[in-house]
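**Q** Could you have a look at this structure, given as structure tokens, before my questions?
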Amino acid sequence: MRSSGILMHISSLPSPYGIGTMGEEARKFVDFLVKAGQQFWQVLPICPTSYGDSPYQSFSSFAGNPYFIDLEMLCQEGLLTAKECSSYEWGAHLTQVDYEILYENRYPLLHKAFARFVKTPPQDFAQFCGEQEDWLEDYALFMALKDEHDGVSWSEWEPKLQQRDEQTLAAARKRLAEEIEFWKMIQYLFYQQWNSLKKYANGKGIRIIGDVPIYVALDSADVWAEPGQFYVDKKLQPIDVAGCPPDAFSEDGQLWGNPLFRWDVMKKDGYRWWIRRMEKMSKLFDVIRIDHFRGFDSYYAIPFGEKTARKGEWRKGPGIALFRAIEQKLGKLDIIAEDLGFLTESVRKLLADSGYPGMKLLQFAFDVREDGDYLPHNYGRNSVVYAGTHDNDTILGWLQEAPADCVAFAKEYLKLDQAEGYHWGLMRGVWSSVSDMAVVTMQDLLGIGSEGRMNVPSVLGGNWMWRMRPDALDNALAEKIRRQVELYGRLPKEPEKAEQLQEETGKKPGQVKQSEEGSEKKTLV
């Protein structure tokens, strides 16, 4: 069934406190999505940010970002006062996040909330800690130790802490008991607010697409707690790290620096770590977008210490065995495979065998350096089409910066008209395609140039900063978007029509359906 959604990260929502949160503005955005005839809200990773402020370099794969906790909701609960919240500096720019100021001021304020929280903890706090114990205990201890060591990487801690000596850890738990409880409170508040927001969105017919990075950061509770799952040596230093090889866009390739997985170890234990991760993510999100899907077929390994990605090599990944193991334990999950980049036949086979919809990027379609299948007439229905993602420039930025022949090709192919607005013409190409799902960014809907770009891959600093102005959304924009998705058959079904469809087919919307060739495909609605 045809559908559409909008990509905008939580951080990009308006807020008087420096960064978007899970409060009232998030609910206003959900209401806007409903008015605009959307069915999906796609967010970027909601885990804590670390090095370079990137959610793809996080202290934990399971924790939520403390910055996204809404301060006004804490005031309503009596944990903070409005005066306390406004007494801190949150940055001078309405349309940019100042991460340095957030780092300096958010945690002292949250410690004020903690002082009140511990006096009378909520009745379900202990239950939450018990339910999340498999990751929360290590994460809270990790963060408390990190604070004690002035924020340096755990690879610089004393050897007994690095090696997780039991007596040393026991002493740390006793010494840092209060700070450990603080970090548990942070996650309790995050999960409470996230679950409330998700319930609100789902109640309005909006499903949330979440983003799961394939790799984790070296400086994370994940690697510190279970180093045997990662490709590190006896001294806990990476042997090889992740990245992408040189291509037409980057002569040095992309050096991400994340530790690689020990897929042989993971295979022996039935992919326990990945199953646990996907189980948690399936509870947070309605649909999971898995980043760098081609890395599960084969992955690029770069010797640790290299300054570029030039000297890496391709190695075999776990393939379909991983996803069969996940499905056997968790059942069928709604998953989108980010299959962008250089695709081999084996990657295409893995995508086909999984049944997951892959991604199509319209910006890639008109790049004469790319020999891919990104032109809309090549799409299959079981796919999700984007004009661009968080790693691309905005449409207007791309039109300004792309080679002239690429822009000319796009104008000819899509019959772009300046009167319509070139960005609306490109989005029309997304909505009118045969792909089952179409997603556009909020920046493109607002007609924002390169200043709205979220991320430039492999560039440290200056990313993940864009924020939407408080007055950006209005009924006229919602109606314009709604008309476009209605024109191209992407409006959500009315409830009575959905019930009628179930009666006629015996299936709920969104269930697996048979394709004309008889093979099963997963359909996202």
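**Q** Angle, helix 133-148 long axis vs. longest principal axis of the chain, Cα atoms, 0 to 90°, nearest 10?
**A** 70 degrees
**Q** Separate question: So which of LYS35/LYS83; LYS360/LYS480; LYS235/LYS316; LYS234/LYS316; LYS204/LYS480 end up more than 27 Å apart, counting from Cα to Cα? Write out the running numbers ahead of the final one.
**A** Working: LYS35/LYS83 35 Å; LYS360/LYS480 24 Å; LYS235/LYS316 25 Å; LYS234/LYS316 23 Å; LYS204/LYS480 20 Å.
Cα-Cα > 27 Å for LYS35/LYS83; rest within.
**Q** List the residues whose amide H sits under 5 Å from the amide H of ARG207, counting only those 5 or more places along or on another chain, with H placed 1.01 Å from N in the peptide plane.
**A** So ARG207 has HN proximity to PHE40, TRP41.
**Q** Explain nothing, just compute: Karplus ³J(HN,Hα) = 6.51 cos²θ - 1.76 cosθ + 1.60, θ = phi - 60°, for every residue of region 394-405 in order, whole Hz, x for Gly and Pro.
**A** 5, 4, 5, x, 5, 4, 7, 9, 5, x, 4, 5
**Q** Write out the trypsin sites (Lys or Arg not before Pro) in region 219-315 meeting two conditions: DSSP loop, and at most 13 other Cβ atoms within 10 Å of their Cβ.
**A** Details: sites: LYS234, LYS235, ARG262, LYS267, LYS268, ARG272, ARG276, ARG277, LYS280, LYS283, ARG289, ARG294, LYS307, ARG310, LYS311, ARG315; in loops: LYS234, LYS235, ARG262, LYS307, ARG310, LYS311.
Answer by residue number: LYS234, LYS235, LYS307, LYS311.
**Q** Give, as a single signed number, the net charge of other residues whose beta carbon lies under 14 Å from the beta carbon of GLN42, with Lys and Arg counted +1 and Asp and Glu -1.
**A** Details: positive: LYS198, ARG207, ARG289; negative: ASP211, ASP286, ASP291, ASP334, GLU338, ASP391, ASP444.
Local net charge: -4.
**Q** Helix 177-203 against the longest principal axis of the chain: what's the angle in degrees, Cα atoms only, rounded to the nearest 10?
**A** 20 degrees
**Q** What is the set of long-range amide H partners of ILE336 at a cut-off below 5 Å, with H atoms built 1.01 Å from backbone N?
**A** ILE288, ARG289, ILE290
**Q** Further, regarding this structure: Roughly how many percent of the accessible protein surface of region 135-243 is carbon and sulfur, given a 1.4 Å probe and a whole-percent answer? Before the final figure, lay out the partial values.
**A** Values: 2110 of 4290 Å².
The C+S portion of the solvent-accessible surface of region 135-243 is 49 percent.
**Q** Find, among the chymotrypsin sites (Phe, Trp or Tyr not before Pro) in region 221-262, those assigned to loop by DSSP (not H, G, I, E, B) with at most 13 other beta-carbon atoms within 10 angstrom.
**A** Details: sites: TRP224, PHE230, TYR231, PHE249, TRP256, PHE261; in loops: TYR231, PHE249.
Taking region 221-262 and a limit of 13 other Cβ atoms within 10 Å, the loop chymotrypsin sites (Phe, Trp or Tyr not before Pro) found are PHE249.
**Q** Sticking with this structure for a sec: Roughly how far apart, in whole Å, are the Cα centres of region 192-206 and region 349-414?
**A** Measuring centre to centre over Cα atoms gives 31 Å.
**Q** Can you give the net charge of the other residues whose Cβ lies under 14 Å from the Cβ of LEU487, counting K and R as +1 and D and E as -1?
**A** Values: positive: ARG2, ARG428, LYS480, ARG482, ARG483, ARG490; negative: GLU420, GLU479, GLU486.
Net local charge, LEU487 excluded: +3.
**Q** Given the DSSP H assignment, sum -39500 (n - 2.57) over each helix run of at least 4 residues in the chain and divide by its residue total; what's the result at 222 nm in deg cm²/dmol, nearest 500? List each step's numbers first, then the result.
**A** Values: 21 runs with 211 residues, N = 525.
Computed ellipticity for the chain at 222 nm equals -12000 deg cm²/dmol.
**Q** State in Å² the accessible area per residue of region 211-312; use a 1.4 Å probe, count heavy atoms of protein chains only, and round to the nearest integer.
**A** Values: 3860 Å² over 102 residues.
For region 211-312, the solvent-accessible area averages 38 Å² per residue.
**Q** Extension gain GLU412-LYS349, at 0.36 nm per residue separation less the Cα-Cα distance, in nm? It would help to have the intermediate numbers written out before the result.
**A** Numbers: separation 63, 0.36 × 63 = 22.68 nm, distance 3.29 nm.
Fully extending the segment from GLU412 to LYS349 adds 19.4 nm.
**Q** Project the alpha carbons of region 230-304 onto their principal axes and report the range along each, largest first, in whole Å.
**A** 39, 34, 19
**Q** A further question follows. Over region 347-452, what per residue volume does the convex hull of the Cα atoms give, in whole Å³?
**A** Values: hull volume 10.8 nm³, N = 106.
Each residue corresponds to 102 Å³ of Cα convex hull volume.
**Q** Using the 2.2 N^0.38 Å rule of thumb for compact globular proteins, work out how region 286-416 stacks up: its C-alpha Rg over that value, please. Don't skip to the end; give the middle numbers.
**A** Numbers: Rg = 16.9 Å, N = 131, 2.2 N^0.38 = 14.0 Å.
Here the Cα radius of gyration is 1.21 times the empirical estimate.
**Q** Expressed as a whole number of Å, what is the distance separating the alpha-carbon centroids of region 14-57 and region 437-460?
**A** Cα centroid to Cα centroid, the span is 14 Å.
**Q** Place the peptides 316-324, 210-218, 150-158 in order of packing, highest mean first, counting for every residue the other Cβ atoms within 10 Å and averaging per peptide. Can you show the working numbers first?
**A** Values: 316-324: 17.6, 210-218: 22.6, 150-158: 12.8.
For the peptides 316-324, 210-218, 150-158, the packing ranking is 210-218, 316-324, 150-158.
**Q** Let me ask another. Just for the chain, what percent of DSSP beta bridges are antiparallel, to the closest 5?
**A** On the way: 15 of 41 bridges.
In the chain, DSSP labels about 35 percent of beta bridges as antiparallel.
The values are calculated or read from the model by the stated rules, or taken from the named source; none is laboratory data. As the structure is a computational prediction, the values presented were derived from the model and not from experiment. Note that we place each Cβ from the backbone using ideal geometry, even for glycine, and neighbour counts take in every protein chain shown. Remember, those area values only see protein heavy atoms, side chains included, never the ligands or the DNA or RNA. Shrake-Rupley method; radii C 1.70, N 1.55, O 1.52, S 1.80 Å.
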